[in-house]
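One structure is given here, and the rest of the page talks about it.
The values are calculated or read from the model by the stated rules, or taken from the named source; none is laboratory data. Remember, it's a predicted structure, so these values are computed and weren't measured experimentally. Cβ placement follows ideal geometry from the backbone for every residue including glycine, while neighbour counts extend to all protein chains displayed.
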Amino acid sequence: MAALSGLKVAVIVERGFEESELVEPRKALEAAGAEVEVISPVEGSVTAWKEEQWGDQVDVDLPLTQAHAREYDALLLAGGLINPDRLRTNERAVQFIRTFNTLRRPIAAICHAAWMLIEADIVRGRRMTSAPSIKTDLKNAGAIWVDSEVVEDHGLVTARKADDIPAFIGKMIEVFAGAVGSRFNVSPSAP
């Protein structure tokens with residue numbers, strides 16, 4: 001049996017997510033047995049950013065307006081500059097992330113995706129890493145920033161950049177494996 005068999009993972013993206021930061025973790029999650037759904041405020045498909053130019057299109061499985069955090073066991077947030085900058089101004093996306101935190105379900109965020117965690121107000125007192133360019137943003141929001149390829153703090157997995165994807169995937173799968181079936185252990189009154 002695969003390590004993540006039965007796990008349902010949400011991925012929230014907007015245009016301009018860093019292609020490798022979604023595609024590679026998604027493949028690894030699916031290879032480990034997880035069901036992964038791409039959720040976006042953009043319907044149909046979203047365009048990736050690949051290093052210094054526009055990348056491939058990724059199909060959206062569910063519009064954000066129809067997505068409910070309680071229906072997922074874990075959350076993956078891809079980085080890039082454009083994607084998290086757009087999503088952090090979308091109150092529904094921010095609330096989706098807050099709900100994951102409230103339900104104590106694991107979240108994995110890479111690179112600039114930490115901007116969304118700041119906006120959701122869930123970084124205070126947490127040990128984490130990110131793209132070095134947003135280190136000060138995280139510190140100002142109360143996070144304990146460390147320069148490490150991957151950091152885990154009570155179910156929050158963070159990584160600095162695309163070069164850290166192998167370590168990020170390994171830690172994400174390890175943490176997400178602890179969430180298999182967790183969606184069924186939360187009371188119906190949870191947000």
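Annotations for the structure displayed:
- Of all residue pairs spaced 6 or more apart or on separate chains, those with beta-carbon atoms under 6 Å, a first member in the range 98-113 that is of a type in the set (Ser, Thr, Tyr) and a second member that is assigned to a helix (DSSP H, G or I) are THR99/ALA69.
- Looking only at the range 14-37, and only at residues there that are part of a loop (DSSP other than H, G, I, E, B) and of a type in the set (A, V, I, L, M), the one that is farthest from the chain's Cα centre (by Cα): ALA32
- Inter-residue pairs, beta-carbon under 7 Å, first polar (S, T, N, Q) and in the range 114-138, second in a loop (DSSP other than H, G, I, E, B) and crowded, with 16+ Cβ neighbours inside 10 Å, 6+ apart: THR129/ARG160; SER130/ARG160
- Check on ALA167, of a type in the set (A, V, I, L, M), in a helix (DSSP H, G or I), surrounded by fewer than 19 Cβ atoms within 10 Å (Cβ to Cβ) and on the phi < 0 side of the Ramachandran plot: yes
- Checked against (1) buried (at least 17 other Cβ atoms within 10 Å of the Cβ); (2) free of Cβ contacts under 8 Å to residues at least 40 places away in the same chain; (3) of a type in the set (A, V, I, L, M), ILE173 passes all but a single condition, namely (2).
- Selected residue [hydroxyl-bearing (Ser, Thr, Tyr), touching an Asp or Glu at 6+ places or on another chain (Cβ under 8 Å) and either farther than 19 Å from ILE169 by Cα or at pLDDT 95 or above (or both)] from SER20, SER45: SER45
- Condition broken by VAL11, with the remaining ones in (1) free of Cβ contacts under 8 Å to residues at least 60 places away in the same chain; (2) of a type in the set (A, V, I, L, M); (3) not in a helix (DSSP H, G or I) satisfied: (1)
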